[in-house]
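Below: one structure, written as structure tokens.
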């Protein structure tokens with residue numbers, strides 16, 4: 001039996017296999033509200049045969065968006081806009097639905113990648129970003145505003161409020177975004193966090209706000225549904241956040257009831273030096289799993305079915321998350337199931353497409369029709 005296509009449980013959520021569709025920003029919302037693009041985008045990925053589908057990074061406050069067109073969940077309007085999208089997915093797919101809650105911090109108020117990604121000034125439709133410290137992401141950028149106690153309280157509350165809205169929408173899994181150089185990662189990394197109060201300096205202090213956010217989300221989301229965090233295991237910069245600190249954070253999250261860790265890397269500094277290669281981040285997921293016993297997701301240049309199968313079978317990670325690879329091939333799980341001799345969920349409208357040599361691929365057979 002294929003390890004990749006074996007079931008897995010996260011708290012009260014049963015996943016039909018170990019394949020996850022990662023959160024992927026689309027920069028196509030309308031002032032935070034889901035658009036027709038989200039219906040098409042999430043709808044077709046929901047038919048992929050993966051077990052868990054995450055929405056893109058979803059901002060908990062307007063000023064926490066990466067770009068003006070990022071998805072949000074901060075009020076009744078943004079909640080209402082997502083409802084029909086998720087209802088359509090539910091009507092046509094058994095896939096579990098996850099949401100990544102996020103605040104971009106000093107990387108907020110930026111142009112979309114296809115527009116160059118540079119910071120937007122308020123005069124050009126942007127807004128002043130907030131961060132742990134008044135330290136810009138890149139040389140030459142305007143410094144963000146340092147968050148005061150009231151700002152920290154506002155953001156902590158916003159994460160919890162968004163988790164409640166996600167629960168009302170029927171979201172099965174929440175992932176808190178603590179990676180890729182966004183706000184919670186900025187608190188963790190000494191490269192971005194220069195505070196001298198209880199939220200800066202020592203490792204314990206730098207972890208304080210991300211853990212407070214986790215506690216707030218965990219308390220706000222139904223107890224039978226899982227909550228985890230995406231982390232960057234290393235900044236890939238000397239003197240930055242690293243694997244040892246990630247392990248300390250993972251132990252602290254486990255003690256607070258975290259259900260999984262999604263292990264990525266980088267994003268907090270333009271000076272990072274990343275040794276790209278197939279599965280280059282998998283050892284980080286394996287280290288977190290070995291040290292804590294927490295379920296882990298492995299991400300990053302996982303492109304082949306045999307590669308994903310080996311990661312799960314060898315116990316390096318419990319789940320394999322795909323991003324660019326599944327955008328390029330939205331039927332990647334179908335093709336992996338065919339290669340590994342497994343079956344996969346597919347809508348009955350598509351059953352007739354099974355190749356003659358893979359009649360058990362969908363676990364169903366169907367006549368040719370008229």
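What's the extension gain from residue 328 to residue 76 if we count 0.36 nm per residue and subtract their Cα-Cα distance?
Full-extension gain reported as 87.4 nm.
When a/c is below 1.5 the answer is rounded, else prolate if a/b is larger than b/c, else oblate, so apply that to the stretch 188-236 with a ≥ b ≥ c taken from the square roots of the Cα gyration tensor eigenvalues.
Because a/c hits 1.5 or more and a/b fails to exceed b/c, the stretch 188-236 counts as oblate.
Applying 1/(1 + (r/R0)^6) with R0 = 30 Å to the Cβ-Cβ distance of residue 1 and residue 40, what FRET efficiency is obtained, to the nearest 0.05?
Here the calculated transfer efficiency is 0.30.
Count the DSSP beta bridges whose two residues both fall in the stretch 8-358, then state the antiparallel fraction as a percent rounded to the nearest 5.
Rounded to the nearest five, the antiparallel share is 15 percent.
Using Cβ contacts closer than 10 Å as the measure, can you line up 241, 114 from fewest to most?
Placing the least packed residue first, the sequence is 114, 241.
Pull out the extension gain between residue 121 and residue 219, defined as 0.36 nm times the separation in residues minus the alpha carbon to alpha carbon distance; nm, one decimal.
Net length gain for the segment: 31.7 nm.
I'd like the distance between the alpha-carbon centres of the stretch 208-285 and the stretch 86-147, rounded to an integer number of Å.
Using only Cα atoms to place each centre, the spacing works out to 18 Å.
Report the Cα centroid-to-centroid distance between the stretch 18-74 and the stretch 286-328 in angstrom, as an integer.
If you average the Cα positions of each part, the centres end up 22 Å apart.
Report P(r) for the stretch 128-171: all Cα-Cα distances, bin width 10 Å, range 0 to the bin holding the largest distance, values in whole percent.
Whole-percent P(r) values from 0 Å outward: 27, 32, 26, 14, 1.
At a 10 angstrom cut-off on C-beta neighbours, averaged per residue, how do the peptides 59-70, 136-147 rank from highest to lowest?
By packing density, highest mean first, the sequence is 59-70, 136-147.
How big is D for the stretch 211-370, in µm² s⁻¹ as a whole number, if Stokes-Einstein is applied with the Kirkwood radius of its Cα pairs at 25 °C and 0.890 mPa s?
137 µm²/s
How large is the helix-only mean residue ellipticity at 222 nm for the chain, computed as the sum of -39500 (n - 2.57) over DSSP H runs with n ≥ 4, divided by its residue count, in deg cm²/dmol to the nearest 500?
Rounded to the nearest 500, the figure is -10000 deg cm²/dmol.
Does anything in the stretch 100-133 have its amide N under 19 Å from the 7 Å Cα→Cβ label point of residue 271, and if so which residues?
Those under the cut-off are 106-107, 132-133.
None of the figures in this text is laboratory data; all of them are computed from the coordinates on show. No experiment lies behind these values; they were computed from the predicted model shown. So basically every Cβ, Gly included, is an ideal-geometry build from the backbone, and we count neighbours across all protein chains shown.
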